[in-house]
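**Student:** Below is the structure I would like to discuss, written out as structure tokens.
Just so you know, all these numbers are worked out from the coordinates, no wet-lab data involved. Since this is a predicted model, take the numbers as computed values, not measurements. Please note: Cβ atoms are built from the backbone with ideal geometry, for glycine as well, and neighbour counts cover all protein chains shown.
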Amino acid sequence: MVAAMNETAPAPTPRYQRVVGGSAAVAQEMGHPYVGVEHLFLAIIRDRDAVPAQALARLVDLDRVDQSP
């Protein structure tokens, strides 16, 4: 559901802040001047306690997926 224009959005959660900050760090590690979906994806799978990472771990080896420098 999208908040109405006169409503404020909920405050970002600590996990959200870690993922967004982590995606910026991943982009910097890779030498990219932007944060793209690939950086967000890598930041999400690096948080192994997160539900998305746990679900993906059932399908693929996350260490092999995350072979960034």
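**Student:** Treat every Asp and Glu Cβ in the chain as -1 and every Lys and Arg Cβ as +1, leave all other atoms uncharged, and give the resulting dipole magnitude about the Cα centre to the nearest 20 debye.
**Tutor:** Details: 6 positive and 8 negative charges, 22 e Å.
Dipole about the Cα centre, nearest 20: 100 debye.
**Student:** Something else: Please give the net charge around His39, taking every other residue with its beta carbon less than 12 angstrom from that of His39, where Lys and Arg add +1 and Asp and Glu add -1. Please report the intermediate quantities before stating the final value.
**Tutor:** On the way: positive: Arg46; negative: Glu29, Glu38, Asp66.
Summing Lys and Arg as +1 and Asp and Glu as -1 gives -2.
**Student:** Relative to the longest principal axis of the chain, what angle (0 to 90°, nearest 10) does the C-alpha long axis of helix 37-46 take?
**Tutor:** 70
**Student:** While we're here: Just need the relative contact order of the chain here, percent rounded to a whole number, with Cα pairs under 8 Å and 6+ apart. Walk me through the numbers before you get to the answer.
**Tutor:** Numbers: 43 pairs, mean separation 15.9, N = 69.
Relative CO of the chain lands at 23 percent.
**Student:** Can you find, among Val26, Val37, Pro14, the residue sitting farthest towards the positive end of the charge dipole of the chain, where Lys and Arg contribute +1 and Asp and Glu -1 at Cβ?
**Tutor:** Sorting the options by dipole projection puts first Pro14.
**Student:** Okay, helix-only estimate at 222 nm for the chain: each DSSP H run of n ≥ 4 adds -39500 (n - 2.57), divide by all residues, round to 500 deg cm²/dmol; what do you get?
**Tutor:** Calculated mean residue ellipticity at 222 nm is -15500 deg cm²/dmol.
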